[in-house]
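> First, the structure itself, so that you have it in front of you.
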Amino acid sequence: MTLSIADHATTPWEAGRFDARPGPPRLLFGRTFEDPTIESDLFPADGVVLCIASAGDTSRALAATGRSVIAVDINPAQLDEVRRRLDGRVARRGAADRLLAIGRVALGPVGWRKSRLQRFCQLDDPSEQVVEWRRLVSPLVRAATRAALSPRVLRIAYGEPFARLAPTRFGELMLDRIGSRIATEPNRGNPWLSQLLTGVWTGSDPTRGRHRIDLRCGDVAAVLEGLPAASLDGISLSNVLDGPGQAYRERLLTAAHRAGRAGAPIVIRSFLDTEDPQSRRLADLDRSLLWGGIAVHRA
């Protein structure tokens, strides 16, 4: 029997592109939308940890605290970007960042003017933030977001594997997640909110000179399978299990449990909603605002 894409023990990220067209890998992410405070609080302060490289923000933040970091990405374009950032160069826009920029421009005529969003990001009263967010998310904004991130549009733009990554009502779901999480702490001082709504990173980046990062190009499951058993003190697997099927999930988790020391945290972020209260609680604490659940396994 021929296996479908979802049945293979591989990942759709291996093409290094969102679209299904042939061609070289592309830079997908110029900024990593994940709050490394989650990992930093869970991982030992001086251990050896592994994370997905993406744009390098999480790996640099963990390494800046003294940890030894193995940063893995199947996309060589992402590793090239991490090298640039380690050399102190500014972040470039990836495909996902350009998509967000297009969305901001498209929503401008229905009230999402940059000046208004900038003022919103500087608010420091959660109750005021909730009121202003309700004004920002008008019926027109909801309709436009729903249409732009519908399964049909995602399937046409990015192909079937990445269309499967998006939860039902993806656009409205993201708006609602932001709305619920800005009710808990001030907008001011949250650089992920500013990056998301205005495209401007307002936070600081880890200082140079303290990074111990081992960059590895390959499928993270294969990299974990090749590491010595019980050699890692923490593992961060951000958004790698939303698209692949059950075979890849089992392969990856088996490799992670084997590579982790006994009790080592295995952090798994997902865009999908979860019924697990602990996973929801951690997702609510992540200041990047977008995740549906952050599960923590123990090796």
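> Considering the stretch 218-229 alone, what residues qualify as being in a loop (DSSP other than H, G, I, E, B), open to solvent by 50 Å² or more (accessible area, probe 1.4 Å) and either among the small types (Gly, Ala, Ser) or modelled with pLDDT under 95 (or both)? I'd like the intermediate steps shown before the answer.
So the first thing to find is which residues in the stretch 218-229 are in a loop (DSSP other than H, G, I, E, B), and the list is 218-219, 227-229.
Narrowing the set further to residues that are open to solvent by 50 Å² or more (accessible area, probe 1.4 Å) leaves 228-229.
Once the filter is applied, which keeps residues that are in a loop (DSSP other than H, G, I, E, B), open to solvent by 50 Å² or more (accessible area, probe 1.4 Å) and either among the small types (Gly, Ala, Ser) or modelled with pLDDT under 95 (or both), the stretch 218-229 yields only ALA229.
> Given the criterion in contact with a helix residue (DSSP H, G or I) (Cβ under 8 Å, 6 or more places away or on another chain) and of a type in the set (Lys, Arg), identify the matching residue among ARG261, ARG280, ARG251, ARG298.
Numbers: ARG261 fails: in contact with a helix residue (DSSP H, G or I) (Cβ under 8 Å, 6 or more places away or on another chain); ARG280 fails: in contact with a helix residue (DSSP H, G or I) (Cβ under 8 Å, 6 or more places away or on another chain); ARG298 fails: in contact with a helix residue (DSSP H, G or I) (Cβ under 8 Å, 6 or more places away or on another chain).
Only one candidate qualifies: ARG251.
> Same structure, new question: Only residues that are open to solvent by 40 Å² or more (accessible area, probe 1.4 Å) and either of a type in the set (Val, Ile, Thr) or modelled with pLDDT of 90 or more (or both): list them for the stretch 1-20, please.
Within the stretch 1-20, THR2, ILE5, THR10 meet the criteria.
> Spot the failing condition for SER288; the list is (1) among the hydroxyl-bearing types (Ser, Thr, Tyr); (2) surrounded by 18 or more Cβ atoms within 10 Å (Cβ to Cβ); (3) more than 18 Å from VAL48 (Cα to Cα); (4) in contact with a strand residue (DSSP E or B) (Cβ under 6 Å, 6 or more places away or on another chain), and only one is missed.
So SER288 meets the others, but not (4).
> Restricting to the stretch 58-88, count the residues that are open to solvent by 10 Å² or more (accessible area, probe 1.4 Å), within 27 Å of PRO44 (Cβ to Cβ) and small (Gly, Ala, Ser).
Total satisfying the criteria: 4.
> Right, another one. Out of the residues in the stretch 21-42 that are of a type in the set (S, T, N, Q) and over 21 Å from GLU81 (Cβ atoms), state the one that is surrounded by the most Cβ atoms within 10 Å (Cβ to Cβ).
Our first condition is that a residue be of a type in the set (S, T, N, Q); within the stretch 21-42, this holds for 32, 37, 40.
Those left that are additionally over 21 Å from GLU81 (Cβ atoms): 37, 40.
Numbers: THR37: 12, SER40: 17.
Among residues in the stretch 21-42 that are of a type in the set (S, T, N, Q) and over 21 Å from GLU81 (Cβ atoms), the one surrounded by the most Cβ atoms within 10 Å (Cβ to Cβ) is SER40.
> Determine which member of the set ARG60, ARG67, ARG85, ARG119 is under 26 Å from GLY189 (Cβ atoms), in contact with a His (Cβ under 8 Å, 6 or more places away or on another chain) and among the basic types (Lys, Arg).
On the way: ARG67 fails: in contact with a His (Cβ under 8 Å, 6 or more places away or on another chain); ARG85 fails: in contact with a His (Cβ under 8 Å, 6 or more places away or on another chain); ARG119 fails: in contact with a His (Cβ under 8 Å, 6 or more places away or on another chain).
ARG60 is the lone residue from the list that is under 26 Å from GLY189 (Cβ atoms), in contact with a His (Cβ under 8 Å, 6 or more places away or on another chain) and among the basic types (Lys, Arg).
> While we're on this one: Does the stretch 85-106 include one or more residues that are in a helix (DSSP H, G or I) and either more than 19 Å from THR198 (Cα to Cα) or touching a strand residue (DSSP E or B) at 6+ places or on another chain (Cβ under 6 Å) (or both)? Full working, then the answer.
Taking the stretch 85-106 and keeping what is in a helix (DSSP H, G or I), we get 85-86, 95-106.
If we keep only those that are either more than 19 Å from THR198 (Cα to Cα) or touching a strand residue (DSSP E or B) at 6+ places or on another chain (Cβ under 6 Å) (or both) too, we end up with 85-86.
Taking every residue of the stretch 85-106 in turn, at least one turns out to be in a helix (DSSP H, G or I) and either more than 19 Å from THR198 (Cα to Cα) or touching a strand residue (DSSP E or B) at 6+ places or on another chain (Cβ under 6 Å) (or both).
> Let me ask another. Of (1) closer than 24 Å to GLY293 by Cα; (2) at pLDDT below 90, GLN195 satisfies all except one. Which?
(2) is the only condition that GLN195 fails.
> Okay, moving on. Starting from residues that are within 16 Å of ALA148 (Cβ to Cβ) and in contact with a Leu (Cβ under 6 Å, 6 or more places away or on another chain), keep the ones in the stretch 89-119 and report whichever is most open to solvent (accessible area, probe 1.4 Å).
Step one: list which residues in the stretch 89-119 are within 16 Å of ALA148 (Cβ to Cβ), which gives 95-112.
Then keep just the ones that are in contact with a Leu (Cβ under 6 Å, 6 or more places away or on another chain); that gives 95-96, 110.
Working: ALA95: 25, ALA96: 23, VAL110: 49 Å².
Looking at the filtered set, the residue picked out is VAL110.
> From the residues in the stretch 239-259 that are within 22 Å of PRO228 (Cβ to Cβ) and touching a strand residue (DSSP E or B) at 6+ places or on another chain (Cβ under 9 Å), which one is surrounded by the most Cβ atoms within 10 Å (Cβ to Cβ)? Steps first, answer last, please.
Here is the first cut: in the stretch 239-259, the ones within 22 Å of PRO228 (Cβ to Cβ) are 240, 250-259.
Now drop any that are not touching a strand residue (DSSP E or B) at 6+ places or on another chain (Cβ under 9 Å), which leaves 240, 252-253, 256-257, 259.
Values: VAL240: 22, LEU252: 25, LEU253: 18, ALA256: 23, HIS257: 18, ALA259: 23.
Of everything passing the filter in the stretch 239-259, LEU252 is surrounded by the most Cβ atoms within 10 Å (Cβ to Cβ).
> When you check LEU215 against the structure, is it under 30 Å from LEU86 (Cβ atoms) and modelled with pLDDT of 85 or more, yes or no?
Values: under 30 Å from LEU86 (Cβ atoms): yes; modelled with pLDDT of 85 or more: yes.
Yes: the conditions hold for LEU215.
> Just need a number here: residues in the stretch 131-143 that are open to solvent by 30 Å² or more (accessible area, probe 1.4 Å) and closer than 16 Å to ASN190 by Cβ.
1
The values are calculated or read from the model by the stated rules, or taken from the named source; none is laboratory data. Quick caveat: nothing in here was measured; it's all calculated off a predicted structure. Cβ: placed from backbone, ideal geometry, glycine included. Neighbour counts: every protein chain shown. To get the accessible areas, we keep the full protein, side chains included, count just its heavy atoms, and leave off ligands, DNA and RNA. Shrake-Rupley method; radii C 1.70, N 1.55, O 1.52, S 1.80 Å.
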